[in-house]
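Student: Before I ask anything, let me first share the structure, which is written out below as structure tokens.
Every read-out reported here was derived from the displayed coordinates using simple, explicitly stated rules and does not represent laboratory data. Bear in mind that the values here come from a model prediction, so they are computed numbers and not experimental data. All Cβ positions, glycine included, derive from the backbone under ideal geometry; neighbour counts span all protein chains shown.
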Amino acid sequence: MELAIVPVDSSIKDNQTLYEEWFNYADADGDGRFTGTEAVKFFAMSNLSRQDLKQVWAIADSKREGYLGFREFVTAMQVPASSVTSVIDGLKRLYLQKLKPLEVTYRYNDFVSPLLSGPDERSVPGNTVAVQADMPFSGLTTFGTSFLSKFECSQMPHPLLDYISFVDSPGVLSGEKQRTQRQYDFTGVTSWFAAKCDLILLLFDPHKLDISDEFKRVISSLKGNDDKIRVVLNKADQVDPQQLMRIYGALMWSLGKALNVPEVMRVYIGSFNERSIQDSINPLEDEIFQKEQDDLLSDLKDIPKKACDRKINEFVKRARSAVIHAYIVSHLKKQMPTMIGKAKAQQKLIDNLGDEFVKVQREFHLPAGDFPSVEQFRESLNGYNFDKFEKLNKKMIQTVEDMLAYDIPNLLKTFRNPYG
């Protein structure tokens, strides 16, 4: 929760009646003073933490009178909503002024590439969704009509969907035929959604633990989003405890090979469907399954609460990725000959791209984990003329580095500490 000192503005006049109704409701004894006891009861409806409520009260009760009048009450009502808007606005300003120029110069967007809430229950075709300005799917047009004709949004009136959108992928099957007959870049689409989502759930069936070649490519496309990944072992009530133990071990071994990371993924075990758990097969683990289900639901419920923090995290991640991209692209241009043999030199650079990454990393002392996938970057380079890439602009790089070192921390300090 980010809090800021917000002056009482003209919105009081615009919403005078509404604020008066809330004040009269909160002022239980009708004495015109909103006291601490009344505040505890009233603000409990907001689900804010005690620490956040203390900051709200401290900002509103600037004269330290121990109670709030009407104007101070309005300030208290405005603080939480205004603060979140302000931190997002701060990120937008930093992006437009400092990060976007770097992305445009080095063509970053050329290389990096749900259920919805609605008033009624209906499905919206992908081609329609992609051109709607009020929906965040315009970027999907890059995957062509072959994908958009299969993409569909379903909406229904439900309060949960005002805060969360669910994106379900088609089944991932084995075999080369499945990959060639999709007619669109399945892993590319997956990567696009992974970069923009808050949580990624990989579903496994205890009877089908094998990870196909396509599934491996999908998991590989999730690189850089490891902190978002959760694994769900569904239908676990259909096997006995001994089988479940073996299945869990086999799943962790398979995931270790596919994800290629030393850290263990969080795995939720249970039966996540409308039917009751089959305790006849696994009577001892009914309680465990229920706890696992509660943990998964808790993770989902936390998404709206952590939305602002995630935006900051994704912004910083994107900025670092753009800086690495600028170093790579400018390095490739620098390696090109000035006169003859350009085509041959460019192909050699593409073939030895992994070695070029190492050179860039060593020259500029960059973390290896921040570099993109060599194979994906190599694919993206096809069709580009390295000569037309821009030279390294150290001033532009420094601007982004300063933004990460000073502007972002100052933004966080401002909104997390109203007295700072």
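Student: From the backbone phi of region 321-330, what are the Karplus-calculated ³J(HN,Hα) couplings (6.51 cos²θ - 1.76 cosθ + 1.60, θ = phi - 60°) in whole Hz, Gly and Pro given as x?
Tutor: Whole-Hz 3J(HN,Hα) from phi for region 321-330: 5, 5, 5, 4, 4, 4, 4, 5, 4, 5.
Student: Within a Cβ distance under 10 Å of I303, other residues only, what is the Lys/Arg minus Asp/Glu net charge?
Tutor: Net local charge, I303 excluded: +1.
Student: Can you run phi through the Karplus equation (6.51, -1.76, 1.60; θ = phi - 60°) for region 228-243 and list ³J(HN,Hα) in whole Hz, with x for Gly and Pro?
Tutor: 8, 7, 10, 10, 10, 9, 8, 6, 5, 6, 8, 10, 7, x, 5, 5
Student: Something else: Would you work out the relative contact order for region 310-389, in percent, from Cα pairs under 8 angstrom that are 6 or more residues apart?
Tutor: It rounds to 43 percent for region 310-389.
Student: Cα centroid distance between region 185-243 and region 298-324, in Å?
Tutor: Value for the Cα centre distance between the two parts: 20 Å.
Student: For K342 paired with R378, estimate the spin-label separation in nm (one decimal), with each label point 7 Å from Cα along the Cα-to-Cβ line.
Tutor: Spacing of the two 7 Å Cα→Cβ label points: 2.4 nm.
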